[in-house]
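Scroll down for the structure; my scribbles are underneath it.
The values are calculated or read from the model by the stated rules, or taken from the named source; none is laboratory data. What you see is a predicted model, and the numbers here were worked out from it, not measured in a lab. Heads up, the Cβs are rebuilt from the backbone with ideal geometry, glycines too, and the neighbour counts pull from every protein chain shown. We work out accessible area using only protein heavy atoms, side chains counted, and drop any ligands, DNA or RNA first. Shrake-Rupley method; radii C 1.70, N 1.55, O 1.52, S 1.80 Å.
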Amino acid sequence: MANLRTSMDAAFYDLNIATPQTLHGSARSIPGEPVPLDGANASKVPRMEQLTFLGPGFPLGLIPSFARPLSYSSQKESGSLSLQTLWLRQPAENWQLGLVGQIRPRKLLSSLKAEAFRADPKVSRFKRIFKKFFDRSFYSFGSSSLLELGPSTHVLLSVEKDGQRKNRCTKAIVNHQLPDHDITLEAAWPELFVDRYGKYWNVPESISLNCLSLISKSGLRYRFGIHKNTGSPSALDSVEGQAPASLRPGICAKAAFSYEKSKDLWRNPETKEDLVLVKKHGGGFRTTAYDLRMKEPHAAISGILGATCEAWFGGKNFDDNTNTKRSPFGADLFGSICFAFQQGKFRKRYGDLTRFDARLDLAKGFSDTLNSSSVSPQLNLILQQQVLGPLVFRVNSKVSLGSSSERRGPHIEDVIYSLNYSMRYLESGKVVAWYSPKRNEGMVEVRVCEF
C-alpha cells in the first residue's frame, strides 16, 4: 500500500529523495512543499552496501546511472551517463569501510575526440590525449564508513569529492533505536535539497536531530525534532527564482502527531496449497511469493490524519533581496486517504500480479496571523504489473487537482517509471531501476522492506 507515513515525514527534514547527483544516492526534500512521489523515496540501504550487492550482476561491476548536468558543469556530456563501482570494501566485525569511484565515460570520450583533432605543434597529440585521462572533472570519489556501536546504534560517515565541484561533501548520520522510538542525528556540509519542480539547492551546513515514535497498535504516532541551517542556499541548476523559505539560515523546532488506520474490504489469505513443494537432490522446499508483502489478493482502504507545528529562531525572517517574509510560527494539518487493490498472488511466472494504489493527500497551513492558506489536493497513483517472474513494471504518477502558476485545472505534476526485480530470499527486497522524465535522471537501487 502507498506509504502513509510519507505525509508526516515530508514536513520534516529527513525525507530522502533518490538521485544520482550524489555518490550516496540521495537528496533531501524541502519541508512545506507537496508530498513527493512514493517512487521517488531513496533506499534506506547505504549506497556502499547497495554497490556490494549489485556489483556481481553488472559487467566489470560497473553500475550505470543517468543525470542531467547542473550549473557547475561546463559541458553537456558531464551530466549524462555515469558508471559507479565499489573499489574497496573492508568488512570487520562491527565496522565497514568502502571506497566508491565514478567515471563519466561520455564526457571522457568526447573530450578525447576533441583533443585528437586539435592541432598543437608544441605538445604531441599522444601526450595531450594521455594527460586528459587525469582530468579530475571526469571522476568522482567517495568513502563510506559504517560503525556499529551496539545492536541498536549505528554511525555512518561519508565523504565525497566530485571532480566538477570545488568543495567536498561530508555527511554523518547517527541512529539509535529504542524499544518504542528511533533517534537520528544527521549533519551535512553542504546538504543537497530538491524542490517540487526537480530543481536542486545547496545549503552550506545542515544539522538535524529527530525523535520518531514507532507506530502503536492504536495507530497513534508522533515525532519532534530540531533543525539548523547555516549559510545562504544557492541554486545549482537555475539562476531564476528565490530560495525556499525553509532553507534560509536559522533554527527550526518542529513537532507532529498522526493517527492512521487501515481496513481490509476483502482479502484472500495464503493457504498451504499456495506453497508448492519443489523437490531437489537432498530434500525440497516450498516456494513463497516473490514479495511477501504482495502474497495475498485484497482490497483495502486506509487513512492518516495529523498536524505539525514549527517555530523559527535566529536567522532573518525577511529576505531583503526578494521582499518575502518567513513566518516565525506555523502550523499545518495534513491527511491522506489510500485505496489499494491487488489481483494475483505474485508466485507464478506470469499473469499473477496486477496492483493499483491511489492516495489522496490533503493539507492546510496556518500562519502566525491565522490567515489560512491551503495546498492543492494531490492524487498519487501507483500501477504495478508483473512482466515475467519476479520482474514488475511500475508507474508512479502525481496529479494536482488544483491550478498552479504554470497550469490551470487538474494536471500531472510528476511521473516515475521503474522496473522492479523482487528476490524471494530477501522476503521483501528488490532491485529497482527507475527513470524520472521531470528530473531527467535514472539509477539502479536496492530496496529492502520498503513498499
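Brief remarks on what is shown
- Potential lengthening between residue 316 and residue 230 on full extension [0.36 nm per residue; Cα-Cα distance subtracted]: 29.8 nm
- Cα-projected label distance for residue 276 with residue 354, points at 7 Å along beta-carbon direction, nm: 2.1 nm
- Accessible surface computed residue by residue for the chain, with neighbouring protein chains in place and a 1.4 Å probe, gives 51 Å² per residue.
- Estimated distance in nm for a label pair at residue 118 and residue 412, the labels positioned 7 Å out from Cα along Cα-to-Cβ: 4.3 nm
- Mean ellipticity per residue at 222 nm, deg cm²/dmol - from DSSP H runs of n ≥ 4 across the chain, formula -39500 (n - 2.57): -2000 deg cm²/dmol
- For region 14-22, 3J(HN,Hα) computed residue by residue from phi via the Karplus equation (6.51, -1.76, 1.60; θ = phi - 60°) reads 10, 8, 8, 10, 5, 7, x, 6, 10 Hz, glycine and proline entered as x.
- Rolling a 1.4 Å probe across all protein chains gives residue 423 an accessible area of roughly 20 Å².
- Restricting the trypsin sites (Lys or Arg not before Pro) of region 377-417 to loop positions (DSSP other than H, G, I, E, B) with no more than 12 neighbouring Cβ atoms within 10 Å leaves 407, 408.
- With contacts taken as Cα pairs under 8 Å at a separation of at least 6 residues, the chain carries a relative contact order of 12 percent.
- For region 45-147, chymotrypsin sites (Phe, Trp or Tyr not before Pro) are listed when DSSP marks them as loop and at most 12 other Cβ atoms sit within 10 Å of their Cβ; the list is 117, 133, 134.
- Sequence-ordered 3J(HN,Hα) estimates for region 325-335 from the Karplus curve with 6.51, -1.76 and 1.60 and θ = phi - 60° stand at 10, 9, 5, x, 10, x, 8, 9, 9, 9, x Hz, glycine and proline given as x.
- Here the peptides 37-45, 211-219 are ranked by packing, the mean other Cβ count within 10 Å, and the order with the highest first is 37-45, 211-219.
- Extension gain (nm, one decimal) between residue 172 and residue 341, 0.36 nm per residue minus Cα-Cα: 56.9 nm
- Scalar couplings 3J(HN,Hα) for region 213-218, obtained by applying the Karplus form with A = 6.51, B = -1.76, C = 1.60 to θ = phi - 60°, are 7, 6, 5, 8, 5, 7 Hz; x denotes Gly and Pro.
- Loop GluC sites (Glu not before Pro), region 53-142, which have at most 14 other Cβ atoms in a 10 Å radius of their Cβ (DSSP): 93
- Protein-only accessible surface at a 1.4 angstrom probe places the residues 118, 223 in the order 118, 223, largest first.
- FRET efficiency, residue 180 to residue 261 (Cβ-Cβ, R0 25 Å, nearest 0.05): 0.85
- Across the alpha-carbon atoms of the chain, the computed radius of gyration and Dmax are 23.6, 79 angstrom.
- Residue 83 accessible area, assembled protein chains, probe 1.4 Å, Å²: 40 Å²
- Computed over region 145-294: relative contact order in percent, which uses C-alpha pairs under 8 Å that are six or more apart: 13 percent
- Projecting the Cα atoms of 23, 10, 39 onto the dipole axis of region 1-59, where Lys and Arg carry +1 and Asp and Glu carry -1 at the beta carbon, places 23 farthest toward the positive end.
- Of all accessible heavy-atom area on the chain, the percent that carbon and sulfur account for (1.4 Å): 61 percent
- Accessible-area value, residue 345, 1.4 Å probe, nucleic acids and ligands omitted, Å²: 40 Å²
- Using a simple spin-label model with pseudo-atoms 7 Å out from Cα toward Cβ, residue 109 and residue 268 lie 4.8 nm apart.
- Residue-span extension gain [residue 440 to residue 242] - 0.36 nm each, minus C-alpha spacing: 69.1 nm
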